[in-house]
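K.L.:
Below are the structure tokens for one structure; questions will follow.
The values are calculated or read from the model by the stated rules, or taken from the named source; none is laboratory data. Just so we're clear, the structure is a prediction, and the values are computed from it rather than from any experiment. Using ideal geometry, Cβ is built from the backbone for each residue, glycine included, and neighbour counts are taken over all protein chains shown.
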Amino acid sequence: MTLLQVMPQDAPDTVLLRTRDPEAIATELAKCDVELRHWPVRGPVAPGTDADEVLQRYRAEVDDLCAREGLRLVDVVQLHPEDSPEWRERAATARGAFLEEHRHAENEVRFFAHGTGCFYLHVADRVYAVVCEAGDLLSVPAGTTHWFDMGPRPEFCAVRFFEEEDGWVGDFTGDPIARRFPRLDALLAEPA
């Protein structure tokens with residue numbers, strides 16, 4: 001189930017709100033023009049599941065969203081834990097790539113078909129940690145500063161939507177703010 005934790009930008013140990021209530025989460029995120037929707041989960045995504053198979057499961061929703069929001073490109077990214085030094089290195093590199101605050105020139109739209117990941121949205125004087133799980137579709141407006149944590153042992157499959165081919169390119173702020181906030185594993189370790 002989705003989790004939202006809100007913290008002041010200058011006091012990461014202070015929790016202003018922590019909830020798993022879907023209505024409370026949607027209401028709070030709407031204040032930031034962030035939209036959280038839910039699609040039905042259509043089966044597990046095991047290691048080796050083909051990206052085309054994942055897209056086929058959600059074809060009606062994907063086509064509808066693309067048509068309504070002008071999204072032209074769709075892909076699938078997935079990481080599943082393996083017990084090998086090579087995988088641990090790839091996972092650490094992938095995790096580190098998005099742990100710094102950045103923004104995008106277009107909306108960041110992601111659907112989690114499997115697993116977990118956390119978007120940290122830096123809006124005004126607050127940080128909104130949104131732990132997304134299977135079934136969550138998050139849409140973050142263009143220009144919103146944020147970072148993403150896939151955890152120390154990443155396991156997720158996400159469908160990504162873009163308006164343009166280079167829409168995923170991040171504009172990094174250089175602000176070290178992300179280093180001060182609890183990571184995904186710490187958020188999940190706390191009682192809800």
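K.L.:
Being of a type outside the set (A, V, I, L, M, F, W, C) and more than 19 Å from E164 (Cα to Cα) is the filter here; which residues of the range 48-80 pass it? Let's see the steps before the verdict.
P.N.:
Kept after step one, since they are of a type outside the set (A, V, I, L, M, F, W, C), are these residues of the range 48-80: 48-50, 52-53, 56-59, 61, 63-64, 68-70, 72, 75, 78, 80.
Across the range 48-80, the qualifying residues are G48, T49, D50, D52, E53, Q56, R57, Y58, R59, E61, Q78, H80.
K.L.:
Something else about it: In the range 31-41, is there at least one residue being at pLDDT below 95, in contact with a strand residue (DSSP E or B) (Cβ under 7 Å, 6 or more places away or on another chain) and buried (at least 18 other Cβ atoms within 10 Å of the Cβ)?
P.N.:
In the first step, residues of the range 31-41 are kept if they are at pLDDT below 95; the result is none.
Scanning the range 31-41, I find no residue that is at pLDDT below 95, in contact with a strand residue (DSSP E or B) (Cβ under 7 Å, 6 or more places away or on another chain) and buried (at least 18 other Cβ atoms within 10 Å of the Cβ), so the answer is no.
K.L.:
Find all pairs meeting these conditions: Cβ atoms under 7 angstrom apart; at least six residues apart or on different chains; first residue within the range 126-141 and in contact (Cβ under 8 Å) with a residue 12 or more places away in the chain and hydroxyl-bearing (S, T, Y); second residue surrounded by fewer than 20 Cβ atoms within 10 Å (Cβ to Cβ) and not in a strand (DSSP E or B).
P.N.:
Y128/C32
K.L.:
Next question. Check off (1) closer than 15 Å to L188 by Cβ; (2) in a loop (DSSP other than H, G, I, E, B); (3) among the small types (G, A, S) for A129 and give me the number that stays unchecked.
P.N.:
(2)
K.L.:
May I ask you to list the residues in the range 158-169 that are surrounded by fewer than 22 Cβ atoms within 10 Å (Cβ to Cβ) and either part of a strand (DSSP E or B) or touching a Phe, Trp or Tyr at 6+ places or on another chain (Cβ under 8 Å) (or both)? Give the steps one after another, and end with the answer.
P.N.:
Taking the range 158-169 first, the residues surrounded by fewer than 22 Cβ atoms within 10 Å (Cβ to Cβ) are 160, 162-169.
R160, F162, W168, listed by residue number.
K.L.:
Right, next: Does E28 qualify as being surrounded by fewer than 12 Cβ atoms within 10 Å (Cβ to Cβ), more than 25 Å from D75 (Cα to Cα) and not small (G, A, S)?
P.N.:
Values: surrounded by fewer than 12 Cβ atoms within 10 Å (Cβ to Cβ): no; more than 25 Å from D75 (Cα to Cα): yes; not small (G, A, S): yes.
Criteria not met by E28.
K.L.:
Also, quick follow-up: Scanning the range 72-121 for residues that are among the polar types (S, T, N, Q) and within 14 Å of the chain's Cα centre (by Cα), which turns out farthest from V45 (Cα to Cα)?
P.N.:
Residues of the range 72-121 among the polar types (S, T, N, Q): 78, 84, 93, 107, 116.
Cutting the leftovers down to within 14 Å of the chain's Cα centre (by Cα) gives us 78, 107, 116.
Details: Q78: 9, N107: 25, T116: 12 Å.
Taking the candidates together, the pick is N107.
K.L.:
Of the conditions (1) surrounded by fewer than 14 Cβ atoms within 10 Å (Cβ to Cβ); (2) charged (D, E, K, R); (3) farther than 22 Å from E35 by Cβ, R95 fails just one. Which one is it?
P.N.:
(1)
K.L.:
What strands (runs of 3 or more DSSP E), lying completely within the range 1-108, carry at least 3 residues that are in contact with a His (Cβ under 9 Å, 6 or more places away or on another chain) and closer than 28 Å to G143 by Cα?
P.N.:
Details: elements: 3-8, 17-19, 35-38, 73-79.
Because the criterion is at least 3 residues that are in contact with a His (Cβ under 9 Å, 6 or more places away or on another chain) and closer than 28 Å to G143 by Cα, no strands (runs of 3 or more DSSP E) in the range 1-108 meet it.
K.L.:
Separate question: All but one of (1) surrounded by fewer than 19 Cβ atoms within 10 Å (Cβ to Cβ); (2) at pLDDT 95 or above; (3) at positive phi hold for G115; which doesn't?
P.N.:
If we test G115 against (1) surrounded by fewer than 19 Cβ atoms within 10 Å (Cβ to Cβ); (2) at pLDDT 95 or above; (3) at positive phi, just (1) comes out false.
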